[in-house]
1. Being surrounded by 14 or more Cβ atoms within 10 Å (Cβ to Cβ) and of a type outside the set (Ser, Thr, Tyr) narrows it down to one of Val63, Val25, so name that one.
2. Go through the stretch 41-57 and give me each residue that's surrounded by 13 or more Cβ atoms within 10 Å (Cβ to Cβ) and either in a helix (DSSP H, G or I) or modelled with pLDDT under 95 (or both).
3. Any residue in the stretch 58-73 that's touching a residue at least 12 places away in the same chain (Cβ under 8 Å): show its pairings with residues that are surrounded by 15 or more Cβ atoms within 10 Å (Cβ to Cβ) and charged (D, E, K, R) at Cβ separation under 8 Å, as long as the two are six or more apart or on different chains.
4. Only residues that are surrounded by 12 or more Cβ atoms within 10 Å (Cβ to Cβ) and not hydroxyl-bearing (Ser, Thr, Tyr): list them for the stretch 72-83, please.
5. In the stretch 1-15, which residue that is of a type in the set (A, V, I, L, M, F, W, C) and surrounded by 10 or more Cβ atoms within 10 Å (Cβ to Cβ) is modelled with the lowest pLDDT?
Amino acid sequence: MKGITEKKGEHDMCKAIEDMINDGVEAGKEIGKEIGRQEGEIIGAVKMCKDLDVSKDETVKRVSEKFQLAKNQAEEYVEQYWG
């Protein structure tokens, strides 16, 4: 009888670990979606500033403030998506 109980305990433990992994994967997917949305907004803002003839320096400032990014991060986005 003890062998059956141990096997069930092992199965329950494996199921619990599997559930935890799946929860982590789902949380990771949601984080990825949010990051993608924010990056899309940043790219759109950079392109809009360029279309409206806002200078690169002013665009960096606006993107940094709007999206709460460090200046160097905003500069990277502007350089990458200005073209």
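1. Val63
2. Of everything in the stretch 41-57, those that are surrounded by 13 or more Cβ atoms within 10 Å (Cβ to Cβ) and either in a helix (DSSP H, G or I) or modelled with pLDDT under 95 (or both) turn out to be Glu41, Ile42, Ile43, Ala45, Val46, Lys47, Cys49, Lys50, Lys56.
3. Thr59/Lys50; Val60/Glu75
4. Correct list: Gln73, Ala74, Glu75, Glu76, Val78, Glu79, Trp82.
5. Of everything passing the filter in the stretch 1-15, Met13 is modelled with the lowest pLDDT.
The values are calculated or read from the model by the stated rules, or taken from the named source; none is laboratory data. Predicted model only: the values in this text are computed from it and were never measured. Counting neighbours? That spans all protein chains shown, and the Cβs are built from the backbone with ideal geometry, glycine included.
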